[in-house]
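Colleague: Dropping the structure in here first, questions after.
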Amino acid sequence: MPSSTTIRVTDPFGAFLFETAAFLEIGNAPGLHYVLNCGQVGAMTVTLPPDYNDLLLKDGRIHIMRSVNGGPAVREGGSCFLIRRWDYADDYTIITALHANDIMRRRAALYSYVNASSDTDPYDDMIKFVFASNNTTVAFITPSRLGGTTQYDIGSYISIQPDISALASIFKRYGYRNCMEVISEIADAATLAGTFLAAEVVTPTESTLELQTFTEQRGVDRRFSTGNGLIFASKRGN
C-alpha cells in the first residue's frame, strides 16, 4: 500500500497558504514527525526550506494529509496542528505545532454553574457546556449568573457540536481550573462508569474548527464482530 504525505498550511483563520511535501532531512528534527493522543494534546515537528518562513504564522494551521494507493488525501486524525514555535537555521526552519486540542488547554474554566435549570447534564453534553460557558457567549444561561463568556469570545473561530445526550446525567461543580482538566475528568468519569468518552477539537473542513464528543470509540468501530472489521497483517502491507 504505497502512501504519500503532504502538509497543507493555512493562516490562523483557515485561509489556505501552501501545500508541500518538501520535508528536509537535516537539523535536529529532520523530516515530519507527529503524535496523536485521543482527547489530549498531540504535537508535531516538520523541517522546511526557509522559503516558507513568511507563511508560517503563529497559530497557523498545519493539516497532515495522507493518500494511500493514489486515493483522495485524508486529514490525519481528522484535525490540525497549530504553529507555536520556530527554530531558524541558515538553510532550514523547524516548526513545532500542537494539536488543536490545545485550545481547550489554553482556556480556564472560570464559571462553575453547570446547568441553569437542573444542575445536571449528560456527561457528553456537560463537556460542551463547560467549554461553551467559558469560551463563547451562551444565550441560554441566566445573564445575572454569567453575563456572557468569562474570557474572550472565540465562538466565531470554533463551533460546538450540538448536544447528543448519549450518556447518563451527572452533577459537577468546578471553578478557576484549567478547562481541559475539567473536561478530561468528565470523560474519565464516564469511561469508569462503563462508556468510553472523549472530546476533541476537529476540523470538519479546512477552514473550520469544532469541539466534538465521541462515545464508545473514537471513529469507526473496526472490530471483526461488527462486519466492518479491519485486519492488520504484514501480508496486507498495513
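The values are calculated or read from the model by the stated rules, or taken from the named source; none is laboratory data. Every value quoted in this text rests on a predicted model; they were computed, and no experiment measured them. We place every Cβ from the backbone using ideal geometry, glycine too, and count neighbours over all the protein chains shown. SASA here: full protein model, heavy atoms, side chains in, ligands and nucleic acids out. Shrake-Rupley method; radii C 1.70, N 1.55, O 1.52, S 1.80 Å.
Colleague: Skipping prolines and chain starts, which residues have an amide H placed within reach, meaning under 5 Å, of the one on residue 160, given they are 5 or more residues away or on another chain?
Modeller: The answer is 211.
Colleague: Still on this structure, I have one more. What is the distance, in nm, between label points placed 7 Å from the Cα along the Cα-to-Cβ direction at residue 96 and at residue 40?
Modeller: 1.7 nm
Colleague: Could you work out how far apart the two model spin labels at residue 159 and residue 18 are, taking each label as a point 7 Å from the Cα in the direction of the beta carbon, and quote it in nm?
Modeller: 3.1 nm
Colleague: Nothing charged except the Cβ atoms of Lys and Arg (+1) and of Asp and Glu (-1): what's the magnitude of the dipole of the chain about its Cα centre? Round to the nearest 20 debye. Present the calculation step by step, with values, prior to reporting the outcome.
Modeller: Details: 20 positive and 25 negative charges, 97 e Å.
Value, rounded to 20: 460 debye.
Colleague: Can you work out the accessible area per residue across the chain, with the rest of the protein chains kept in place, probe 1.4 Å, in square angstrom?
Modeller: Ligands and nucleic acids excluded, the result is 51 Å² per residue.
Colleague: May I pose another question? Counting only residues 5 or more places away or on other chains, whose amide H sits under 5 Å from the amide H of residue 17 once H atoms are built in the peptide plane?
Modeller: Long-range HN contacts for residue 17: 9, 10, 11.
Colleague: Also, I was wondering about something else. Around residue 24, which amide H atoms from residues at least 5 apart in sequence, or from another chain, sit under 5 Å from its own amide H, with H modelled in the peptide plane?
Modeller: 31, 47, 48
Colleague: Specify the residue with the greatest mean-square fluctuation among 75, 173, 107, computed from a Gaussian network of the chain linking alpha-carbon atoms under 10 Å apart.
Modeller: 173
Colleague: Determine the order of 235, 128, 58 by accessible area, beginning with the largest, at a probe radius of 1.4 Å.
Modeller: The ranking, largest first, comes out as 235, 58, 128.
Colleague: What list of ³J(HN,Hα) values in whole Hz, one per residue of segment 74-84 in order, does the Karplus curve 6.51 cos²θ - 1.76 cosθ + 1.60 (θ = phi - 60°) give from phi, with Gly and Pro shown as x?
Modeller: Listing the rounded values in order: 10, 5, 5, x, x, 8, 9, 10, 9, 5, 10 Hz.
Colleague: Quick one: angle between helix 179-192 and the longest Cα principal axis of the chain, in degrees between 0 and 90, rounded to 10, please.
Modeller: Once rounded, the angle reads 80 degrees.
Colleague: Excluding residue 80 itself, calculate the net charge of residues whose Cβ lies under 15 Å from the Cβ of residue 80, where each Lys or Arg counts +1 and each Asp or Glu counts -1.
Modeller: With Lys, Arg at +1 and Asp, Glu at -1, the net is -2.
Colleague: So between residue 74 and residue 171, what do we pick up on full extension, going 0.36 nm a residue minus the alpha carbon distance?
Modeller: 31.1 nm
Colleague: Kirkwood Rh over Cα pairs of the chain into Stokes-Einstein at 20 °C, 1.002 mPa s: D in µm²/s? Display every interim value, and only then the final one.
Modeller: Numbers: Rh = 19.6 Å.
Estimated via Stokes-Einstein, D reaches 110 µm²/s.
Colleague: I want the local charge near residue 190. Using Cβ-Cβ distances under 14 Å, sum +1 for each Lys or Arg and -1 for each Asp or Glu among the other residues. Present the calculation step by step, with values, prior to reporting the outcome.
Modeller: On the way: positive: 128, 172, 218; negative: 121, 124, 125, 185, 188, 216.
Value of the local net charge: -3.
Colleague: Now for a different question. Working from Cα positions, state the angle (0 to 90°, nearest 10) between the long axis of helix 123-135 and the longest principal axis of the chain.
Modeller: It is inclined by approximately 80 degrees.
Colleague: Can you compute the modelled spin-label distance between residue 89 and residue 57, with each label point 7 Å from Cα toward Cβ, in nm?
Modeller: 2.8 nm
Colleague: Now, a different point. Explain nothing, just compute: Karplus ³J(HN,Hα) = 6.51 cos²θ - 1.76 cosθ + 1.60, θ = phi - 60°, for every residue of segment 225-238 in order, whole Hz, x for Gly and Pro.
Modeller: Coupling constants for segment 225-238: 5, 7, x, 10, x, 10, 9, 9, 7, 4, 5, 8, x, 10 Hz.
Colleague: Work out the FRET efficiency for residue 181 and residue 234 from their Cβ-Cβ distance, taking R0 = 45 Å, and round it to the nearest 0.05.
Modeller: That gives a FRET efficiency of 0.65.
Colleague: Given a 1.4 angstrom probe, I'd like the percentage of the accessible area of segment 145-238 that is carbon and sulfur, rounded to a whole number. Mind dumping the intermediate values first?
Modeller: Working: 2950 of 5650 Å².
It is 52 percent, rounded to a whole number.
Colleague: Leaving out ligands, DNA and RNA, and with a 1.4 Å probe, what % of the accessible surface on segment 1-137 is carbon or sulfur?
Modeller: 51 percent
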